[in-house]
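The values are calculated or read from the model by the stated rules, or taken from the named source; none is laboratory data. Predicted model, so just to flag it, every value in this text is computed and none were measured. Backbone-built Cβ (ideal geometry, glycine too); neighbour counts: all protein chains shown. Each accessible area value is taken on the protein alone, full model and side chains, heavy atoms only, with ligands, DNA and RNA left out. Shrake-Rupley method; radii C 1.70, N 1.55, O 1.52, S 1.80 Å.
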Amino acid sequence: MIDIRNLNKSFIDGGHKKTVLEELSLSVSRGQSAAITGESGCGKSTLLNILASLDSPDSGSVLVNNQDLTRFSESKADQYRQRDIGIVFQQYNLIDCLSVYENVTLTARLNRKLDEAYIDELMKYLGIHELNRHLPGQLSGGEQQRVAIARSLAHRPLLLLADEPTGNLDDKNSKQVADLLYSMCELHQTSLILVTHSLSLAARADKHFQLVNGKMSEPPC
């Protein structure tokens, strides 16, 4: 499903070259979950941006479902983001003027893949079915996060990318969001790449990697 080989990425910072990803390799099968931990600024979000085709590596290969992201044109990258992946942002990124239902179904409608029965099931499972006419500003943080998760899964993506999905939540809501992410991905065989500072959240993934000095390794037990 995901096959990254010898990935390199650097930036120019204050006139100096800063390497954030160096000869990084990673593989995740269909339906598997992988958690990535590491200090702030170590390149976790950069890796997610590359997997979302929002950024390009300096060198190396990035295959998702046998598609080489490094060869994508801008229009092909847009199509890939709309059709093949879901993204759970740390700040939710809900559209304020749209209802919960409209936010959840937006990507599915853009893909012409709106399955009303599936959406109904998904929203009930996530406990937001009775909120479908509410606006995002009327919701709690935990409710907004559930809406964001539902939106990311509404078009049945092959890959779900989650950037610190519990970073703004208390312990109770963090556990609920973690339960929902892992269970929904397992249920629908969606591969999950999760960036987090939470070791307890990372420990639940099928694979747990630590990003240190631009390189990936399995964390010590």
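Side notes on the structure shown:
- Within the set R109, R81, the sole residue that is assigned to a helix (DSSP H, G or I), charged (D, E, K, R), open to solvent by 40 Å² or more (accessible area, probe 1.4 Å) and touching a Ser or Thr at 6+ places or on another chain (Cβ under 8 Å) turns out to be R81.
- Here P220 passes the criteria (1) more than 15 Å from the chain's Cα centre (by Cα); (2) within 17 Å of D163 (Cβ to Cβ); (3) modelled with pLDDT under 85 except the one numbered (2).
- Candidates are the residues of the range 21-32 that are farther than 10 Å from K215 by Cβ and open to solvent by less than 10 Å² (accessible area, probe 1.4 Å); the one that is modelled with the lowest pLDDT is L26.
- Residue satisfying condition, being assigned to a loop (DSSP other than H, G, I, E, B) and more than 16 Å from the chain's Cα centre (by Cα), within set G137, G127, G142, G167: G127
- Condition met for I87 (in contact with a Ser or Thr (Cβ under 9 Å, 6 or more places away or on another chain), surrounded by 18 or more Cβ atoms within 10 Å (Cβ to Cβ) and assigned to a helix (DSSP H, G or I)): no
- In the range 187-221, the qualifying residues are those that are under 19 Å from A52 (Cα atoms) and assigned to a loop (DSSP other than H, G, I, E, B), and the one that is most open to solvent (accessible area, probe 1.4 Å) is Q189.
- Looking at L98, L54, L47, just one residue is surrounded by fewer than 17 Cβ atoms within 10 Å (Cβ to Cβ), more than 21 Å from L169 (Cα to Cα) and within 14 Å of the chain's Cα centre (by Cα), and that residue is L54.
- Residue match in the range 19-31 (condition: free of Cβ contacts under 8 Å to residues at least 40 places away in the same chain and over 18 Å from A205 (Cβ atoms)): no
Conditions tested, residue by residue: (1) out of contact with any Lys or Arg (no Cβ under 7 Å at 6 or more places or on another chain); (2) free of Cβ contacts under 8 Å to residues at least 12 places away in the same chain; (3) aliphatic (A, V, I, L, M).
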site: I2; (1), (2), (3): yes, no, yes
site: A34; (1), (2), (3): no, no, yes
site: K44; (1), (2), (3): yes, no, no
site: D58; (1), (2), (3): no, no, no
site: E74; (1), (2), (3): yes, yes, no
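- Members of the range 141-175 found to be in contact (Cβ under 8 Å) with a residue 40 or more places away in the chain, open to solvent by 10 Å² or more (accessible area, probe 1.4 Å) and among the hydrophobic types (A, V, I, L, M, F, W, C), listed by number: L158
- If you go through the range 33-44 and keep only what is over 21 Å from Q67 (Cα atoms), in a strand (DSSP E or B) and either open to solvent by 50 Å² or more (accessible area, probe 1.4 Å) or small (G, A, S) (or both), you end up with just A35.
- For E102: the one exception among (1) without any contact (Cβ under 8 Å) to a residue 12 or more places away in the chain; (2) closer than 25 Å to S53 by Cβ; (3) of a type in the set (D, E): (2)
- Residue ID - farthest from the chain's Cα centre (by Cα), chosen from residues in the range 176-197 that are within 20 Å of Q90 (Cα to Cα) and without any contact (Cβ under 8 Å) to a residue 40 or more places away in the chain: Q176
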